[in-house]
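Input: one structure, supplied below.
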Amino acid sequence: MPTLDIDKIKQEVVDSQIWRAVFRGGVWSDTPRDRQAHISGNVWLHLHPAKVRPRALKWTYTWGLGGLSFALFLLLALSGVLLMFYYRPVPGLAFRDIKDLTYAVSMGRFLRNLHRWAAQAMVVAVIAHMVRVFLTGAYKRPREFNWSVGVLLLTLTLFLSFTGYLLPWDQLAFWAVTVGTNMAGATPLLGNSGPFSGLLGMHVNNDLRFVMLGGTSVGANTLLRFYVLHTIAVPLLVGILLILHFWRVRKDSFSAAPYQANEAKVDVWPNLVKREYIAAVALVIFIMFWAITKSAPLETIADPNVTMNPEKAPWYFAGLQEMLVYFDPWLAGVLVPNLIIVGLMAVPFIDTNPKGVGYYAWKERPFAITMFLLGVVMWFSLMAMGVFFRGPNYAWYWPWESWWTFKAAPPPTWNVFGPHGQAVLPLALGVPVLGGLFLAAMLLPKLIQRDLNGWKVLGGVLLATAALGAVGAGMGKFTGTQVGFLLFFAGMTTWFGFVMPQRHIRRLDWARYLVTMALVVSTMGILLKMGARLCFNIKYVMTVPVVSMNI
Amino acid sequence: MSEPKMVQPPARFPTRPAAGTMTRGDFLWMGWSALAAFFAAGAAAGARYIFPNVIYEPSQIFNAGPAKDYDMGVSMKWLNTHRIWIIRIPTGIYAMWARCTHLGCTPNWFPDQDRFKCPCHGSNYTLAGDVIAGPAPIPLWRAKITLASTGDLIVDKGVLADQPPKRSQAPFFLTNSELGLS
Amino acid sequence: MSYRKLFYVLNFLLLGVFVWAVVKDNDAEWKTYQRTYYEKMATYLDAQAGQQKDPAQAAKLRAQADEYRRHPLAIKQIITDGLGRYDRCITCHVGMDEYENPGMTTPFKTQPYAGHPDIAGLVKAHPFEKFGCTVCHEGQGLATTVADAHGWVTNWDRPMLTGVHIQGSCVKCHGDFRTLKGAEAAAKGYDLFHQHGCLGCHSIDGVGGTISVDLGDIADKPIPRIAPYNFLRVTIDGKHLEEKDWKIQNWILGHLVDDPEYVTPNDPFAEDNAEPIAPSPMPDFSKELTRDQADDIVAYLMGMTKVEEDEIPYRYHVAAPPEKEPRFASAKAHGKYVFEKYGCAGCHGVDAVAGRRRFNALGPGQKDYDPKMTKAELFAEMEKGREPTLPDLMSGYDHDELVAKIEQGVPPTAAKKWDPNGPLPVVYMPAWKGKISKKELDDLATWLLSTAKQQNLGF
């Protein structure tokens, strides 16, 4: 009786013409040559170099976030394609198909949950990846371009989430997209309700919003458009940018960490590949667990005449929604998001600090890291406000308050410059005052060319504010909370908008200095305006209704 | 072997021909321009392509029935079908479009607080449609109403007004005498 | 842990979680019910076979039982393209599958195993393959879990109609529901609706009062339009509702079995507004109507839907017989009918016996207004405001004066407030000129004047 010689069978299989046709190379004997051949002989693994610097393998350096984002992209592509088999992008049918997926398709509910939660996880992963790259200074020369590609990928990730949001055709979907596309309608010049839209003759049936919707309101055309964008156009674009992104990562030697003496590279197979695999599998297990235990929401079918109360954007857009409370749509919905995207893309070009490339270095890059984290914290605070502090009628509810408690109507708001229907006051007084303040904020830090004691400046401003608050409170104009708010916002803007730039970037060349300050001042502007609304019910600091220009 | 004959090599670049004929350089330049123009035209046509010429959307005009059927206050009768509140005040009637001027959500009427409140970003409006709180930049739109010979109100959402004095006169506000109501 | 070990462990976990997903997906709620039904049928048939004397018959029954045991499990649905309904109810309610079980009867009493009752030949008249389930029962036909299918969950606005409320579905198509066998509750609801004068304030498709909302599409009222803090106060059978029960039928029922003033208190003391706003002016019917009567009215009103009327093609509708104005022997009898027809009872009470509550108006037994009173005392006094009790007033009018008074009405601004700082009473006497015929008006006045005489005779 012949014995079963496993090694011989293996050898025969590996030496067969079919195996050889598919896989190059002989029997695996785990030599360095084998490992390199494995990477370079496989088109997928060849995204990696054959050898990599050991620093790139450290978990605490990369946290595997870029790889995890890509793993989620693949998971989303797979589950998305499977979902497409049961989905028709037509109002009515779309909703029914989601119901079918939930109730009648084998694994349908699981797949939809998986897709939904993986999408949210991807948003988290991509943002976290960006934060990590920033903190380790890995965007600095020669990686500026790849950082910009990454910012675009983050934007496209959010856009994918947004377009996918409409597809279930429920109330949640319908109103999120109604609000989102109406923001496009408020784009300056190009949207029908934006500032200066009259110059180009924009109407509801020829503006930017009309193109997005394929009509004047969210309807069948919109659903089809969003479906095509979500399933074909944007993923294709993301794929192209991903190739570029990966190729650059590989060309830039996979890690920005500074070279150490006698640094020996290690084999990618198995050292890097095994780490990637472990991280990806752990993540997939986590997402599957999440998809099994928690179902994706589905509200009632879309009704263009009824808005759910409250209507909330998905959490990653909740910050935007919250900001829309304080600013006109063209500012909060168009200008600020674009400023964030362009500002982020500009970061490698305005940050001239050569230190802190490839490691976490708060002390060596105090300005860059503080300002970036301030932005991140503000954005997430806005999100938290939108998600946890808003209830019916989008009124302010503390997290421990029931949404069903009665809330008195909010008090009326007022404008500083520009009573209704008049342009004289805002133009004659508002523009000079606001412009002067803006210029002062922009230029002062650079014009004062000596070392100031930041704490003294902060103390002085706080003291002055406190004195003002005390006088106001004494006259019965302010309440204690208002004075508290005032102190908070005055302190924040003084420290981050004046002391920090004055201390750290006053020696920057003018071009870089101005771009940086534009970003800093607009961030402070957002803070100030929020404070003005929350404490003093100021609706607009300046309004010129004729051109829909409200600030 | 005979002495090789010296042949005059052809000029690398031909001398400029007479004006009016095309040079190779001109041709290349125009060729590249043609390609660029093709891309530009393609992009323009593509941009035009995504603007639909016909859309299937319901009519903006509807018959809201006789004026005398409306009592003081906010009528929700046409809210579910036409997204319009018919509002009667002691002096007359107006039709308000139930679309928040901020970002297009449908506000709800709270009779206990005498306000319209939008669930999306918290805009508050008075009965007249003026913004008293929240981010909405302009008052709620009033739709054109006309009195048909039958005594019915014809509402047209295609014609809108938001500011006084325009919104407080015909056709955006019909007084009791214009409506024949006591 | 080494990467190699982690690799194995994670692979096991990956497989494990996926198997869990598959098992969970496979373990659908409906399968349990369908399997149990087949098992119950098999057991029942075996028992029948055991009692059977004829061995051939017994074998046949046993074979049937085996067939039930071997029955494959599947989602079953009724597709009614004509109505646009896709109902999977028979996936669990197998006994109501007209092909599986043409008789629609099963030996079981409990749902989902019971058959479908055939009230008044209802099943024969509405073959399920043509009508499906949810067009009458409501609920979510596409769903295959108990809670979601019955629709008493958030995110489904039309849950299954329970008890007599289902007769609202008859009203959707049957214009002649008042004489329809099986729709008695809805018919009773219609009568009660008119007797109690609901029409005085509410209209149905434009017919009736304009003081409150038109009820012609009340069943379509979107739930987000109802303020949660009001829904929170709805009390039915002494209990507040759970959030999943915030549905339109409970909203209507809550207004009939409890005091609407409590459900919608508004702002009578101007605590949140510049002007005080009276609580809901709807009378408190909880003393007048029994719980069953309230349900009957809800049954009738659940048929008041425009959305479904439009969805259901015209060929499914049964036109109402032309309504003939009833004839009366005497002017008095006609007058009493007119009083009911125009909803006068809504304010003046059934048969005009006593005026109903009118918040902050003057009323019998009120103390004098005193600004030093507490809010609770003020509220209690304002609540004593009443609409006029007509028989008490009739001695002050002659026929022509009364006709003129009804024709002119009393404008809302002419109301006398008890608390001068309180809200304006909401309900008022509309001007009936042009809305009511001369003959009707005359007979109404005649009847009203006669009530005064009867009252006075006793004293």
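Quickly run through region C:159-183 and pick out the residues that are within 24 Å of C:W251 (Cβ to Cβ) and assigned to a helix (DSSP H, G or I). Give the steps one after another, and end with the answer.
Pass one, region C:159-183, residues within 24 Å of C:W251 (Cβ to Cβ): C:159-173, C:177, C:183.
Listed by number, the residues that qualify are C:G163, C:V164, C:H165, C:I166, C:Q167, C:G168, C:S169, C:C170, C:V171, C:K172, C:C173, C:F177.
May I pose another question? Of these, C:A120, C:A187, which one is closer than 28 Å to C:R315 by Cβ, in the same structural domain as C:W246 (by TED's automatic domain parsing) and assigned to a helix (DSSP H, G or I)?
C:A187
Go through region A:121-151 and give me each residue that's assigned to a loop (DSSP other than H, G, I, E, B) and either at pLDDT 95 or above or aliphatic (A, V, I, L, M) (or both).
Of all residues in region A:121-151, those assigned to a loop (DSSP other than H, G, I, E, B) come to A:136-143.
Across region A:121-151, the qualifying residue is only A:A138.
Regarding region B:153-169, can at least one residue be identified that is in contact with a Ser or Thr (Cβ under 7 Å, 6 or more places away or on another chain), farther than 30 Å from C:P423 by Cβ and not acidic (D, E)?
Yes, that holds for at least one residue.
Can I ask one more? Considering only residues that are surrounded by fewer than 22 Cβ atoms within 10 Å (Cβ to Cβ) and β-branched (V, I, T), look in region C:289-312 and name the one that is farthest from the other protein chains (Cβ to nearest Cβ).
C:T290
Out of the residues in region A:287-322 that are over 21 Å from B:R99 (Cα atoms) and free of Cβ contacts under 8 Å to residues at least 40 places away in the same chain, state the one that is nearest to the other protein chains (Cβ to nearest Cβ).
A:F289
Taking region C:327-354 on its own, how many of its residues are part of a loop (DSSP other than H, G, I, E, B), within 28 Å of the chain's Cα centre (by Cα) and over 18 Å from C:A431 (Cα atoms)? Let's see the steps before the verdict.
Looking only at region C:327-354, we keep the residues that are part of a loop (DSSP other than H, G, I, E, B), and these are C:327-330, C:342-344, C:349, C:353-354.
Then drop every residue that is not within 28 Å of the chain's Cα centre (by Cα), which leaves C:342-344, C:349, C:353-354.
Narrowing further to those that are over 18 Å from C:A431 (Cα atoms): C:349, C:353-354.
Residues that pass the stated criteria total 3.
Of B:P58, B:P119, which residue is part of a loop (DSSP other than H, G, I, E, B), free of Cβ contacts under 8 Å to residues at least 40 places away in the same chain and closer than 23 Å to A:A395 by Cα?
Numbers: B:P58 fails: closer than 23 Å to A:A395 by Cα.
Only one candidate qualifies: B:P119.
Okay, residues lined up against (1) at the interface with chain B (Cβ under 10 Å from one of its Cβ atoms); (2) modelled with pLDDT of 85 or more; (3) surrounded by 18 or more Cβ atoms within 10 Å (Cβ to Cβ):
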site	(1), (2), (3)
A:V376	no, yes, no
A:S381	no, yes, no
A:R390	yes, yes, yes
A:S402	no, yes, no
A:P410	yes, no, yes
A:V416	no, no, yes
A:H420	yes, no, no
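From the set of residues in region A:323-344 that are away from chain B (no Cβ under 14 Å) and among the β-branched types (V, I, T), which is surrounded by the fewest Cβ atoms within 10 Å (Cβ to Cβ)? Show your work before the answer.
Kept after step one, since they are away from chain B (no Cβ under 14 Å), are these residues of region A:323-344: A:335, A:337-344.
Pick out the ones that are also among the β-branched types (V, I, T) and you get A:340-342.
Numbers: A:I340: 17, A:I341: 16, A:V342: 13.
Looking at residues that are away from chain B (no Cβ under 14 Å) and among the β-branched types (V, I, T), I get A:V342.
Another one. Need at least 3 residues that are on the phi > 0 side of the Ramachandran plot per element, so show me which helices (runs of 4 or more DSSP H) inside region C:1-97 make the cut, counting only ones lying wholly within it. Spell out the reasoning first.
On the way: elements: C:3-26, C:29-51, C:55-70.
Filter on region C:1-97 gives an empty set.
What residue, among those in region C:60-86 that are out of contact with any Phe, Trp or Tyr (no Cβ under 9 Å at 6 or more places or on another chain) and hydrophobic (A, V, I, L, M, F, W, C), is nearest to C:D310 (Cα to Cα)?
C:A74
With respect to the numbered conditions (1) in contact with a His (Cβ under 9 Å, 6 or more places away or on another chain); (2) at the interface with chain A (Cβ under 10 Å from one of its Cβ atoms), which one is the sole condition not fulfilled by B:A133?
(1)
Test B:A148 against the stated conditions and say whether it is more than 11 Å from every other protein chain (Cβ to nearest Cβ), free of Cβ contacts under 8 Å to residues at least 60 places away in the same chain, in contact with a strand residue (DSSP E or B) (Cβ under 7 Å, 6 or more places away or on another chain) and not aromatic (F, W, Y).
The answer is no for B:A148.
Filter region C:194-214 down to residues that are surrounded by fewer than 21 Cβ atoms within 10 Å (Cβ to Cβ) and among the hydrophobic types (A, V, I, L, M, F, W, C) and give me whichever is nearest to the other protein chains (Cβ to nearest Cβ).
Filtering first and then ranking leaves C:V213.
Continuing with the same structure: Kindly indicate whether any position in region A:423-439 is closer than 24 Å to A:G491 by Cα and in contact with a Lys or Arg (Cβ under 8 Å, 6 or more places away or on another chain).
Within region A:423-439, not a single residue is closer than 24 Å to A:G491 by Cα and in contact with a Lys or Arg (Cβ under 8 Å, 6 or more places away or on another chain).
Another question, if that's okay. Could you please find all residues in region C:14-73 being within 14 Å of another protein chain (Cβ to nearest Cβ), more than 23 Å from C:V146 (Cβ to Cβ) and of a type outside the set (V, I, T)?
C:L14, C:L15, C:G16, C:F18
Among the residues of region A:95-126, which ones are away from chain C (no Cβ under 13 Å), crowded, with 22+ Cβ neighbours inside 10 Å and of a type in the set (A, V, I, L, M, F, W, C)?
Across region A:95-126, the qualifying residues are A:A118, A:A119, A:M122, A:A125, A:V126.
Find all pairs meeting these conditions: Cβ atoms under 8 angstrom apart; at least six residues apart or on different chains; first residue within region C:134-152 and in contact (Cβ under 8 Å) with a residue 40 or more places away in the chain; second residue of a type in the set (G, A, S) and assigned to a helix (DSSP H, G or I).
From region C:134-152, the pairs are C:V135/C:S169; C:H137/C:S169; C:G139/C:A149; C:G141/C:A149; C:A143/C:A149.
Continuing with the same structure: Residue check, A:H46 against (1) surrounded by 13 or more Cβ atoms within 10 Å (Cβ to Cβ); (2) more than 13 Å from A:V273 (Cα to Cα); (3) free of Cβ contacts under 8 Å to residues at least 60 places away in the same chain, all met but one. Which one?
All conditions pass for A:H46, except number (2).
Moving on to the next point. From C:D118, C:D148, grab the single residue that is surrounded by fewer than 22 Cβ atoms within 10 Å (Cβ to Cβ), of a type outside the set (V, I, T) and within 14 Å of another protein chain (Cβ to nearest Cβ).
Result: C:D148 is the single residue among C:D118, C:D148 that is surrounded by fewer than 22 Cβ atoms within 10 Å (Cβ to Cβ), of a type outside the set (V, I, T) and within 14 Å of another protein chain (Cβ to nearest Cβ).
With touching a residue at least 40 places away in the same chain (Cβ under 8 Å) and away from chain A (no Cβ under 12 Å) as the only criterion, which of C:D245, C:D259 stands out?
Numbers: C:D259 fails: touching a residue at least 40 places away in the same chain (Cβ under 8 Å).
Just one listed residue meets the conditions, C:D245.
Could you tell me whether any residue of region B:128-143 is more than 30 Å from A:R533 (Cα to Cα), surrounded by fewer than 22 Cβ atoms within 10 Å (Cβ to Cβ) and either of a type in the set (K, R) or under 23 Å from the mean Cα position of the chain (by Cα) (or both)?
Of region B:128-143, the ones more than 30 Å from A:R533 (Cα to Cα) are B:143.
From what is left, the residues that are surrounded by fewer than 22 Cβ atoms within 10 Å (Cβ to Cβ) are none.
The answer is no, given that none of the residues of region B:128-143 is more than 30 Å from A:R533 (Cα to Cα), surrounded by fewer than 22 Cβ atoms within 10 Å (Cβ to Cβ) and either of a type in the set (K, R) or under 23 Å from the mean Cα position of the chain (by Cα) (or both).
Now, a different point. Would you mind stating whether C:G303 is closer than 23 Å to C:L444 by Cβ, under 23 Å from the mean Cα position of the chain (by Cα), at pLDDT 90 or above and in a loop (DSSP other than H, G, I, E, B)? Can you show your working first?
On the way: closer than 23 Å to C:L444 by Cβ: no; under 23 Å from the mean Cα position of the chain (by Cα): yes; at pLDDT 90 or above: yes; in a loop (DSSP other than H, G, I, E, B): yes.
Criteria not met by C:G303.
Do we have any residue at all in region C:216-223 that's in contact with an Asp or Glu (Cβ under 9 Å, 6 or more places away or on another chain), outside any loop (DSSP other than H, G, I, E, B) and either more than 14 Å from chain B (Cβ to nearest Cβ) or of a type in the set (S, T, N, Q) (or both)?
No; the residues of region C:216-223 include none that is in contact with an Asp or Glu (Cβ under 9 Å, 6 or more places away or on another chain), outside any loop (DSSP other than H, G, I, E, B) and either more than 14 Å from chain B (Cβ to nearest Cβ) or of a type in the set (S, T, N, Q) (or both).
Can you work out which of the residues in region A:506-551 that are basic (K, R) and in contact (Cβ under 8 Å) with a residue 60 or more places away in the chain is farthest from A:D328 (Cα to Cα)? Break it down into steps so the answer makes sense when it comes.
Let us first name the residues in region A:506-551 that are basic (K, R), namely A:506-507, A:512, A:529, A:533, A:539.
Going one step further and asking which of them are in contact (Cβ under 8 Å) with a residue 60 or more places away in the chain, we end up with A:506, A:512, A:529, A:533, A:539.
Numbers: A:R506: 32, A:R512: 29, A:K529: 12, A:R533: 13, A:K539: 10 Å.
Applying the filter and picking the extreme gives A:R506.
Starting from region B:86-99, keep only residues that are within 14 Å of chain A (Cβ to nearest Cβ), then list their pairs with residues that are of a type in the set (F, W, Y) and part of a loop (DSSP other than H, G, I, E, B) whose Cβ atoms are within a distance under 6 Å, requiring at least 6 positions of separation or different chains.
B:W97/B:W141
The values are calculated or read from the model by the stated rules, or taken from the named source; none is laboratory data. This one's a predicted model, so the numbers in the text were calculated from it and none came from an experiment. Don't worry about glycine lacking a Cβ; one is built from the backbone with ideal geometry, like all the others, and counts go over all protein chains shown.
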